[in-house]
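Below: one structure, written as structure tokens.
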Amino acid sequence: MIECKNLTKIYKTGNTETRALWDVSFKIKEGEFVAIIGPSGSGKSTLMHMLGALDTPTSGEYFLDGNDVSNFSDDELAVIRKKKIGFVFQAFNLLPRASVLRNIYLPLVYEEIPREKRYEMADKALKNAGLDKEHYNHLSNQLSGGQMQRVAIARALVNNPALILADEPTGNLDSKTGEVILDTFKKLNKEGRTIILITHEKYIAEHADRVITIKDGEIENDSRKSNQKKIKNIKE
Amino acid sequence: MLISDIFEETFFAVLSNKVRSGLTALGIIIGIASVVTMISIGQGTAYDISTKIESLGSNLLTVSPGATKVIGMNAKSATGSADTLVIGDADAIEEKIQGIISVAPEVSSRQQVIIKGSNTNTNIYGVTETYPQVKNVEIELGTFITENNIRRTSKVAVLGPETRDNLFGIGVNPVGEIIRIGSLDFVVIGVTIAKGGSGFGSSDDLIYIPINTAQHYLTGSDSVNNINIQVEDEEKMTLVEEEITTLLLARHGISNIDDIDFNIMNQADILDTVSEIAGTMTLLLGAIAGISLLVGGIGIMNMMLTTVTERTREIGLRKALGAQNKDIILQFLSESVVLTFVGGVLGILLGWAASSFVMKISDTTTIITTWSIILSFGVSAFIGIVFGYYPARRAASFNPITALRYE
């Protein structure tokens, strides 16, 4: 479903070139729960921007749901983001002074989905994200951090994207709320959704079935949970 | 984006910052209101002037004597001082020129008018029975001078309303009373309706008497001061003017046009000139008011630029969620257009109120025309688009990644 072939991103500032990403290739199948982990400056944010169709690579190919996104224009990328990708950000990024409901159906606004249908879809997404109905008409800045992140997850789910991309989703939450949010992602994954989680904390990455480790712009390690267990067993 | 979504976004954005939106709209309100008011004053003035000119008679040509040339000196005395026009000229015009309705010669002189207990100094006009038709004079009381009065050289007088007020008191019916003009007694037979206008040359402060009575007893010659000619329709005026010139040149035995001893004033030309001047004045007033509208527009742009910067993260989020450049442009453009539109509507109302106020406290007529409203409406929408486009374009050009990180 997702295939990266020799993804490379080079930033130029004056005469110096920075290799943010170098020759990265991997595949992610539908229904996988993948964590991308790496220290800051490792290139994982750059990779996330590519995967989220926010940016295009300097060279290489990126197939998302059969489309080669790597050569798309800004507006074409916007269409891909609108139809295929749901974002969950560290800072939640909700519209302030807007109701929970308006926040959730924001992606549907750009898909020009009729209003009656929006309420239905938002309702379903909120249930999946595990937020009570009583909060529907609250303003987003009246909610707690955990509730805000649930609204953000509901927003990511609302248009039934092929891929949910979560960038440090627990970074602004206390560890207990973080666990609950991570459990929500697990639950969504069990329901068949493809989830990519970007983080720099190893214990968070361990919630995923597969962990891709990035270092200095290259893949250092790509391991599945079952393999890790095996390795552990052998060592014991 | 659906149109209802654009409205929803705009509604929330404008209301979330009421004070700032209000102040920005105020700039437009003042701008539009001053344009509407200034244009209404300009148009009202133009209307005033042209109705005043038309009230003196429609399709009017006025022949007046030219300057007398003093023999042996290269100097001319004032226009109209010569006595080159005679009653025969008026008769000839009436007989020989085609396309005219009526000819009304007039003789005027200033005289002391006395009644028992009161007196005034006013203009005495010797006129014919055709005068009311040509010069739009209407009778309030009694009758105007008749053909019979002229044939008999009757000593009858018709008073202007102001003269009546001066002599007999406001609203008094003087018909049948005797007044003394110069050294002769006249019977008042009528009073004319007020036309407005005051001061020197007022058409309300005068006395009409039969023309030959005036020539016989007051001026003592058969020359006339003016010959007023009413032409059938406006298009024939120039032609009739030329024909009269030819006729009078022949009658006065003048072969060299430079020696011409009369002037013909064409009312249509005066109206054209006056409306041209009034148009220029309206334009000037509108342009001055337009400057404040421009300042209002700059206010809109300033506010939109601030808004865009403040909402950088929101713009980044919207783009990450799939908003295309056109969606962002539409959202911000509609914000500035709605602000100017609302400002425009309120401005028109305020301008309308202001011009009614001006009309109430002063003599100036103000006219609000549909076109001035459509114009200011169009201008305000145009300003919204022009001054909103640059900030909207800027918002749309943000890179979603950097915009999302913006603090």
Those residues of the range B:155-182 whose amide nitrogen sits under 11 Å from the label point placed on residue B:112, 7 Å along Cα→Cβ: B:182
Dipole of chain A, positive direction: furthest Cα of A:163, A:178, A:64, with charges on the beta-carbon: A:178
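Counting other Cβ atoms within 10 Å, which GluC sites (Glu not before Pro) in the range B:121-193 have at most 11 and lie in a DSSP loop?
Values: sites: B:129, B:138, B:140, B:147, B:162, B:177; in loops: B:129, B:138, B:177.
Within the range B:121-193, the qualifying GluC sites (Glu not before Pro) (loop, at most 11 other Cβ atoms within 10 Å) are B:138.
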Mean separation of Cα contacts under 8 Å, 6 or more apart, over the residue count of chain A: relative contact order %: 28 percent
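Cα-Cα pairs above 15 Å in the range B:307-407: how many percent? Mind dumping the intermediate values first?
Numbers: 3392 of 5050 pairs.
Result for the distance tail: 67 percent.
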Where only alpha carbons of the range B:114-216 are counted, the Rg and the Dmax (Å): 12.4, 35
Counting DSSP beta bridges with both ends in chain B, the antiparallel % (nearest 5): 80 percent
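Given C-alpha coordinates of the range A:55-117, what is the ratio Rg to Rh with the Kirkwood estimate of Rh? Walk me through the intermediate numbers first.
Values: Rg = 14.5 Å, Rh = 13.8 Å.
Using only Cα positions, Rg/Rh for the range A:55-117 is 1.05.
Would you please classify the overall shape of the range A:1-81 from the alpha carbon gyration tensor, given that a ≥ b ≥ c denote the square roots of the eigenvalues, rounded means a/c under 1.5, and beyond that prolate means a/b larger than b/c while oblate covers the rest? Before the final figure, lay out each step's value.
Working: a/c = 1.89, a/b = 1.26, b/c = 1.50.
Here the range A:1-81 falls in the oblate category.
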Estimated FRET transfer efficiency (residue B:172, residue B:370; beta-carbon r; R0 60 Å; 0.05): 0.85
Size of electric dipole in the range B:83-260: Cβ of Lys, Arg +1 and of Asp, Glu -1, about Cα centre, debye, nearest 20: 980 debye
Distance (nanometres) between label positions extended 7 Å along Cα→Cβ at residue A:115 and residue B:291: 4.6 nm
Positive-end residue of B:87, B:254, B:171, charge dipole of the range B:83-260 with Cβ unit charges: B:171
Loop sites in the range B:150-242: chymotrypsin sites (Phe, Trp or Tyr not before Pro), DSSP, at most 15 other Cβ within 10 Å: B:200
Straight-distance crosslink candidates among lysines, where the alpha carbon sits under 26 Å from residue B:52 and sequence neighbours closer than 8 are dropped: B:135, B:195, B:236, B:360
Packing-based order for B:322-328, B:381-387, using average beta carbon neighbours within 10 Å, highest first: B:322-328, B:381-387
Approximate spin-label separation residue A:67-residue A:174, in nm, with each point projected 7 Å along Cα-to-Cβ: 4.2 nm
Neighbour-count ranking [beta-carbon atoms within 10 angstrom, fewest first] of B:125, B:390: B:390, B:125
Cα-based helix-to-principal-axis angle, B:267-310 vs chain B, degrees rounded to 10: 10 degrees
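Please compare each pair in A:127/A:176; A:117/A:176; A:117/A:187 to a cut-off of 28 Å on the Cα-Cα distance and tell me which ones are over it. Provide the component values of the computation, followed by the final result.
Numbers: A:127/A:176 21 Å; A:117/A:176 35 Å; A:117/A:187 25 Å.
Exceeds cut-off: A:117/A:176.
Show me A:207-213, A:138-144, B:309-315 ranked by packing, highest mean number of other Cβ atoms within 10 Å first. Let's see the in-between values first.
Values: A:207-213: 20.6, A:138-144: 14.9, B:309-315: 17.7.
Put in order of decreasing packing, that is A:207-213, B:309-315, A:138-144.
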All lysines inside 17 Å of residue A:84 as judged from Cα atoms, apart from same-chain residues fewer than 8 positions distant: A:27, A:29, B:319
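Restricting to Cα pairs below 8 Å that are 6+ residues apart, what does the relative contact order work out to for chain B? Please round to a whole percent. Provide the component values of the computation, followed by the final result.
Values: 747 pairs, mean separation 117.2, N = 407.
Relative contact order of chain B: 29 percent.
Tell me, in nm to one decimal, what length is gained between residue B:302 and residue B:140 on full extension, where the rule is 0.36 nm per residue of separation less the Cα-Cα distance? Walk me through the intermediate numbers first.
On the way: separation 162, 0.36 × 162 = 58.32 nm, distance 6.30 nm.
Separation in residues times 0.36 nm, less the Cα-Cα distance, equals 52.0 nm.
Let me spell out the model: positive unit charges on the Cβ of Lys and Arg, negative unit charges on the Cβ of Asp and Glu, origin at the Cα centre of the protein assembly as shown. What dipole size does that give, in debye rounded to 20?
Values: 61 positive and 74 negative charges, 937 e Å.
Dipole size: approximately 4500 debye.
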Top of B:275, B:255, B:102 by mean-square fluctuation, Gaussian network on chain B, Cα under 10 Å: B:255
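Report the FRET efficiency, 1/(1 + (r/R0)^6), for residue A:137 and residue A:187, where r is their Cβ-Cβ distance and R0 is 35 Å, rounded to 0.05. Spell out each step's value before the answer.
Working: r = 25 Å, r/R0 = 0.72.
That gives a FRET efficiency of 0.85.
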Stretch gain in nm, segment residue B:151-residue B:345, where the contour uses 0.36 nm per residue and the Cα spacing is subtracted: 63.3 nm
Ranking of B:318, A:97, B:394 by count of other Cβ atoms within 10 Å, fewest first: A:97, B:394, B:318
In Å, descending, principal axis extents of the Cα set of the range A:1-137: 53, 30, 29
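Once you have a ≥ b ≥ c as the square roots of the Cα gyration tensor eigenvalues for chain B, tell me rounded if a/c is under 1.5, and otherwise prolate or oblate according to whether a/b is larger than b/c. Before the final figure, lay out the partial values.
Details: a/c = 4.29, a/b = 2.77, b/c = 1.55.
Judged from the Cα gyration tensor, chain B comes out prolate (a/c at least 1.5, a/b above b/c).
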Three-way shape label, the range B:83-260, alpha-carbon gyration tensor, a/c 1.5: prolate
Estimated distance in nm for a label pair at residue B:250 and residue B:269, the labels positioned 7 Å out from Cα along Cα-to-Cβ: 2.2 nm
Stokes-Einstein translational diffusion, the protein assembly as shown - Kirkwood Rh over all Cα pairs, 0.890 mPa s, 25 °C, in µm²/s: 75 µm²/s
Peptide-level mean, for B:319-332, of C-beta atoms on other protein chains within 10 Å: 6
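Could you please rank A:153, B:178, B:254, placing first whichever residue has the fewest other Cβ atoms within 10 Å of its Cβ? All intermediate terms of the calculation are to be shown ahead of the outcome.
On the way: A:153 27, B:178 13, B:254 16.
Starting with the residue having the fewest Cβ neighbours, the order is B:178, B:254, A:153.
How fast does the range A:2-235 diffuse by Stokes-Einstein, in µm²/s, taking the Kirkwood radius from C-alpha pairs at 20 °C and 1.002 mPa s? Show your work: numbers first, answer last.
Values: Rh = 18.4 Å.
Here the translational diffusion coefficient equals 116 µm²/s.
Values quoted throughout were computed directly from the atomic coordinates according to the rules given, and no laboratory measurement underlies them. Just so it is clear, the model here is predicted, and its values are computed rather than measured. Neighbour counts are summed over all protein chains in view; Cβ atoms, including those assigned to glycine, are modelled from backbone coordinates with ideal geometry.
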